[in-house]
Amino acid sequence: MVNNKQLKSKQNELDKKKWFDSENGEDKCGSYKYCEKCDKTQEYPCARAFYLFRAAKR
């Protein structure tokens with residue numbers, strides 16, 4: 001698994017993408033393919049979901 005620094009960086013990247021994609025007024029949280037792996041109780045939930053989704057694809 002990735003370390004906390006990588007998780008934080010990926011979370012920031014994904015947050016910016018969500019913000020940009022949501023500019024039309026629709027909240028995009030939960031709309032990406034990796035969101036199926038999301039656990040919002042975890043720190044850096046989007047990043048963890050992203051990496052779990054990617055690992056499951058292998």
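The values are calculated or read from the model by the stated rules, or taken from the named source; none is laboratory data. Remember, predicted model here, so these are calculated numbers, not experimental data. All Cβ positions, glycine included, derive from the backbone under ideal geometry; neighbour counts span all protein chains shown. Each accessible area value is taken on the protein alone, full model and side chains, heavy atoms only, with ligands, DNA and RNA left out. Shrake-Rupley method; radii C 1.70, N 1.55, O 1.52, S 1.80 Å.
Brief remarks follow.
- For segment 27-32, putting each phi into the Karplus relation 6.51 cos²θ - 1.76 cosθ + 1.60 with θ = phi - 60° gives couplings of 5, 8, 4, x, 9, 8 Hz, in residue order, rounded to whole numbers and with x for Gly and Pro.
- Where the chain is the region considered: accessible area per residue in Å², 1.4 Å probe: 78 Å²
- When a 1.4 Å probe is rolled over the protein heavy atoms, the share of accessible surface on the chain that falls to carbon and sulfur comes to 49 percent.
- Working ranking of peptides 22-29, 9-16 by packing, defined as the average number of other Cβ atoms within 10 Å per residue, highest first, is 9-16, 22-29.
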